[in-house]
Amino acid sequence: MENKTKILIIGASGYLGARIYFDLQSKFSVVGTYCNKQLSKNLVHLNITNEDDVKKVVNDYSSKIIIHVANNASSKWCDVNPEAAMLLNQTATKYIVDVANQIGALLIYISSMAAINPQNLYGRTKLQSEEIVKTVKNGYIIIRPSLILGYSPNTTNDRPFNRLLKNLDEDVLAIYDTSWLFQPTYIKHISDVIQVCINRKICNQSIVVACSAMKSRYDTAKDILTPLGVKVMPTDAKESTEVFKDDLSELTELDLPKYTYTEMVSLIIDEIKKEKNLLFNSTLIKIQKYDNHKT
């Protein structure tokens, strides 16, 4: 029997965590946790804001690699719920780091480009969590994505890409902002970088994972939805967020996977088409079974 590296993914039911969980399953021995929604029956319950719960679950599975992706990524939610945001996005990171040090685990922390130049509470909690993560004795990897796009097994979380799916599935009017520019992150790019870092034993690095192109929400929505038959309308939300462009030097220096914006869009469109075909075929099979039962 193949001896696979054992990985604990904390937050494997979220939009990003679910994709990482399913991407890494075939390569490693993966255990995932959930808090509110159990996306898979194989996931283990964990409330990361409960220190005792963190100690118990992490010690029970005693993985040598922990991936922490269990934060709330909404800056608006953080502003409205500052105490809860501090507990979930910062204090809980300390709980995970403490137990990682106890069992001698490598910690991979999913941070954000918002931590590079924090302009709100969300960015500040991510930056402070990065500093906490850097105290992991057995090594750390900090992944800094931008706005993440791409198909996830979790299609219900209120994340930017899932809003695009609503435009496609529910005939929701597609109106997107042109004012804020960012470097999009392809969701699979994060899994790819994590896998290479683990296989090559890269550690103690902070890595921005994104495309080099600067795009707006309108640009990404138009480029993904238009080929699928959805008309996208622009609006100027006059967002005041400062535009920051990273040179992605870590990807180059560490010889890590890269995706161009064009490659990302093409792959995302293919993912959507594939999933829609699977859903169509599944529905067709159910209808055929129902008709056969009736006859």
Screening 37, 64, 27, 76 for residues that are over 19 Å from the mean Cα position of the chain (by Cα) and among the charged types (D, E, K, R) leaves only 64
Quick check, is residue 110 in contact (Cβ under 8 Å) with a residue 40 or more places away in the chain and surrounded by fewer than 23 Cβ atoms within 10 Å (Cβ to Cβ)?
no
List, please: which pairs have Cβ atoms under 6 Å, are six or more places apart or on different chains, and start with a residue in the stretch 202-219 that is in contact (Cβ under 8 Å) with a residue 12 or more places away in the chain and buried (at least 21 other Cβ atoms within 10 Å of the Cβ) and end with one that is among the acidic types (Asp, Glu) and in a loop (DSSP other than H, G, I, E, B)?
208/246
Of (1) polar (S, T, N, Q); (2) in contact with a strand residue (DSSP E or B) (Cβ under 8 Å, 6 or more places away or on another chain); (3) under 21 Å from residue 271 (Cβ atoms), residue 154 satisfies all except one. Which?
(2)
Determine whether the stretch 135-147 contains at least one residue that is over 27 Å from residue 100 (Cα atoms) and either small (Gly, Ala, Ser) or touching a residue at least 12 places away in the same chain (Cβ under 8 Å) (or both).
yes
Residues of the stretch 139-172 being in a loop (DSSP other than H, G, I, E, B), at pLDDT 95 or above and either touching a Ser or Thr at 6+ places or on another chain (Cβ under 6 Å) or over 27 Å from residue 256 (Cβ atoms) (or both), in sequence order, are 146
Yes or no: residue 179 more than 22 Å from residue 37 (Cβ to Cβ) and either in a loop (DSSP other than H, G, I, E, B) or of a type in the set (Gly, Ala, Ser) (or both)?
yes
Hey, among the residues in the stretch 106-132 that are outside any helix (DSSP H, G or I) and at pLDDT 95 or above, which one's nearest to the chain's Cα centre (by Cα)?
110
Let me spell it out: the conditions are (1) among the charged types (D, E, K, R); (2) under 15 Å from the mean Cα position of the chain (by Cα); (3) not in a helix (DSSP H, G or I), and residue 192 meets all of them except one. Which number is the exception?
(3)
Flag for residue 37 being surrounded by fewer than 19 Cβ atoms within 10 Å (Cβ to Cβ) and either part of a strand (DSSP E or B) or in contact with a Ser or Thr (Cβ under 6 Å, 6 or more places away or on another chain) (or both)
yes
Can you tell me which residue within the stretch 254-289, out of those that are polar (S, T, N, Q) and either over 25 Å from residue 224 (Cα atoms) or surrounded by 15 or more Cβ atoms within 10 Å (Cβ to Cβ) (or both), is modelled with the lowest pLDDT?
288
Check whether at least one residue in the stretch 226-241 is among the basic types (Lys, Arg), part of a helix (DSSP H, G or I), in contact with a helix residue (DSSP H, G or I) (Cβ under 9 Å, 6 or more places away or on another chain) and modelled with pLDDT under 95, and report yes or no.
no
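The values are calculated or read from the model by the stated rules, or taken from the named source; none is laboratory data. It should be emphasised that the depicted structure is a prediction, and the values quoted were computed from it without experimental measurement. Glycine also receives a Cβ, built like all others from the backbone with ideal geometry; neighbour counts cover every protein chain displayed.
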